[in-house]
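These notes are about the structure you will find just below.
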Amino acid sequence: MRVPAGGRRGLAAGLALAGVVAACLVPSALRAQEPGAAPPPTPAEAAGWLASTPPDSAFPWLERLAAGVGARLRVDTLALIPASGAAPAAIPVAFVAPPRGGAGDARPEDEDDGRLRVLVVGGQHGDERAGYEVALRLARDLAAGPLAPLRGALDVAVVPVLNPVGMRLGTRVDGAGTDLNRDHATLSSPAVRALWELHASWRPHVVLDLHEMGPSPYAAQIGIPTHPNADPDLVELARYRVLPYVVRRLAEANVRFHEYVAVHPDPAGPPVAEADTFVSLAPIAASNARNAFTLAGSLGLLLETASGGEIDGLRERSDRLHLMATAVLEVVAGLADELRAATGRGVQDDPSPLLALRARNAEDPDRPVLLWQRWNARGVAVPDTLAPWRPRVARLAALPVPAAWAIRPEAADLAALVARHGIRVQRLSAATRLRVGVYRDPRAPDARERTLEEGTWLVPADQPGQRLAFTLIEPGSADGWFGAAGPVTGHPAGHEPPVVRIGRPFPALPVAPADPVGDARAPGPGGPLPAETP
Ligand SMILES: [Zn+2]
């Protein structure tokens with residue numbers, strides 16, 4: 001891909017920083033290595049890549065690894081997923097800790113000590129094995145292998161297989177038929193809920209989501225955030241600082257790369273000729289992991305390796321994805337300060353405070369509409385006329401961000417959905433009359449006097465998950481609770497939805513802390529929500 005001059009300067013700075021970090025960290029990494037201890041092979045490596053790692057082997061293998069490396073690796077259960085006609089499947093999470101000075105210097109995980117936290121997720125799709133294999137390798141290589149120097153700058157949490165039941169069955173979806181990587185707005189699956197619980201408590205700056213993408217003329221593909229409400233500065237950091245370093249590492253290894261893209265990567269550049277198709281059309285919805293985690297304040301990146309068996313085997317797919325993930329870890333370690341500054345910010349720092357309610361890919365009069373190419377069964381790249389790439393994301397409707405949203409007490413499942421995404425929710429402790437924005441037309445709320453009942457849920461906008469809160473709560477949002485992606489409940493057409501906007505500045509209101517997720521678990525009118533998994 002072409003990178004503008006600013007991007008190249010950014011790349012050079014990123015490379016220099018990564019080099020400095022790596023150089024500084026080598027001594028501590030050498031100290032951390034135990035003499036003579038050879039890191040154990042993964043089950044697939046031990047089988048010479050003639051067999052993949054069974055999904056139920058992740059937990060015992062990580063525990064054996066942890067037993068050999070001590071405090072450098074801690075393994076926990078993220079969730080237990082019920083499986084019909086079979087034992088529940090455990091989803092492990094492995095935390096790779098920073099180098100330790102000695103026994104007893106344990107560091108609380110929530111301490112903000114200037115380190116960059118990276119969450120790696122594999123196996124959302126059960127029929128994509130490479131991400132799972134790579135996640136296990138990354139945990140091992142960081143704890144006791146060649147990536148150990150990166151522990152000087154990074155804390156890494158690895159969830160190697162988010163969909164163990166789907167992997168048992170060999171299906172993309174989980175045992176209930178849910179596509180986990182379309183479930184990050186609705187959180188209908190216990191696995192994705194548990195992942196968001198981890199995200200809320202551990203607050204990673206970067207989330208890497210590992211996938212296979214099917215046969216493609218490109219062996220490697222990276223998706224940076226494409227949702228129109230993603231922080232544009234964060235997207236720019238991903239495209240012009242992170243991506244060029246990774247692309248260079250892939251080029252050195254002769255891996256053909258393209259970006260999974262929804263907008264033109266270089267708006268100031270010359271038009272792209274159709275023959276130069278180097279992008280494929282990425283969804284711009286909030287339902288996938290990279291977009292949802294980015295709206296929640298992290299940088300979400302999708303890393304994909306071409307697959308399909310007819311191209312090559314699991315080892316090659318895994319090696320390419322491992323190279324991509326390693327390159328991302330290297331460059332984000334070198335950009336730790338920039339990423340810490342660019343993540344977890346609200347729109348108050350944004351020069352254009354309007355966020356999109358609805359958007360679509362649109363034609364740009366100055367740019368050609370490209371055809372999405374695909375690789376057919378005879379190994380020929382053919383245009384996929386069903387999915388032309390339109391080079392612009394058009395905002396069909398947009399609104400400014402209010403100071404807060406007020407959700408009626410009976411819409412507890414909306415409040416719980418927001419809280420499950422790690423967004424802080426409060427409750428009004430006394431009825432209050434004030435002027436609010438009501439959504440007779442969800443695209444143009446108008447100001448009215450309303451009495452907010454005691455027990456009204458309040459979601460302050462001024463918090464790191466602000467962009468996600470907007471996208472989930474606004475009744476006009478295509479990606480939210482009321483929109484196409486969410487359950488439209490209790491909101492007959494023509495009636496006011498059970499949410500209003502509170503304008504800026506946020507008035508002083510009598511508030512109390514709230515736990516809508518806990519309230520939703522408790523039996524009450526309408527019955528409890530489905531039980532959480534442990
Ligand atoms: Zn996938």
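The values are calculated or read from the model by the stated rules, or taken from the named source; none is laboratory data. Computed from a prediction, not measured in an experiment: that's the story for all the values here. FYI the Cβ positions are ideal-geometry reconstructions off the backbone, even for glycines, and counts take in every protein chain you see.
Looking at (1) touching a helix residue (DSSP H, G or I) at 6+ places or on another chain (Cβ under 8 Å); (2) modelled with pLDDT of 80 or more; (3) surrounded by fewer than 23 Cβ atoms within 10 Å (Cβ to Cβ); (4) of a type in the set (A, V, I, L, M), which is the only condition V499 fails?
(3)
Please work out which residue is surrounded by the fewest Cβ atoms within 10 Å (Cβ to Cβ), limiting yourself to segment 391-413 and to residues that are farther than 24 Å from P353 by Cα, in contact (Cβ under 8 Å) with a residue 60 or more places away in the chain and out of contact with any helix residue (DSSP H, G or I) (no Cβ under 6 Å at 6 or more places or on another chain).
Here is the first cut: in segment 391-413, the residues farther than 24 Å from P353 by Cα are 408-413.
Filter again for in contact (Cβ under 8 Å) with a residue 60 or more places away in the chain, leaving 408, 410-413.
Now narrow it down to the ones that are out of contact with any helix residue (DSSP H, G or I) (no Cβ under 6 Å at 6 or more places or on another chain): 408, 410-411, 413.
Values: R408: 19, E410: 13, A411: 20, D413: 17.
Here the answer is E410.
Hey, does segment 154-161 have a residue that's part of a loop (DSSP other than H, G, I, E, B) and at pLDDT 95 or above?
Our first condition is that a residue be part of a loop (DSSP other than H, G, I, E, B); within segment 154-161, this holds for 160-161.
Then drop every residue that is not at pLDDT 95 or above, which leaves 160-161.
Yes: one or more hits.
In this structure, does V118 turn out to be in the same structural domain as L195 (by TED's automatic domain parsing), among the β-branched types (V, I, T) and surrounded by 24 or more Cβ atoms within 10 Å (Cβ to Cβ)? Break it down stepwise before answering.
Working: in the same structural domain as L195 (by TED's automatic domain parsing): yes; among the β-branched types (V, I, T): yes; surrounded by 24 or more Cβ atoms within 10 Å (Cβ to Cβ): yes.
Yes, satisfied.
Considering each of I311, I284 in turn, give the residue that is of a type in the set (A, V, I, L, M, F, W, C), at pLDDT below 50 and touching a helix residue (DSSP H, G or I) at 6+ places or on another chain (Cβ under 9 Å). If you could, list the steps in order and put the result at the bottom.
Values: I284 fails: at pLDDT below 50.
Checking each option against the conditions leaves just I311.
Any residue at all in segment 207-220 that's in a helix (DSSP H, G or I), of a type in the set (V, I, T), in contact with a strand residue (DSSP E or B) (Cβ under 6 Å, 6 or more places away or on another chain) and within 16 Å of the ligand (Cβ to nearest atom)? If you could, list the steps in order and put the result at the bottom.
Within segment 207-220, the subset in a helix (DSSP H, G or I) is none.
No, segment 207-220 contains no residue that is in a helix (DSSP H, G or I), of a type in the set (V, I, T), in contact with a strand residue (DSSP E or B) (Cβ under 6 Å, 6 or more places away or on another chain) and within 16 Å of the ligand (Cβ to nearest atom).
Go through segment 166-206 and count every residue that is surrounded by fewer than 20 Cβ atoms within 10 Å (Cβ to Cβ), outside any loop (DSSP other than H, G, I, E, B) and within 13 Å of the ligand (Cβ to nearest atom).
Going through segment 166-206 one residue at a time, the tally reaches 1.
Six or more apart or on different chains, Cβ atoms under 6 Å: show the pairs whose first residue is in segment 121-134 and over 10 Å from H211 (Cβ atoms) and whose second is near the ligand (Cβ under 8 Å from one of its atoms).
D127/R172
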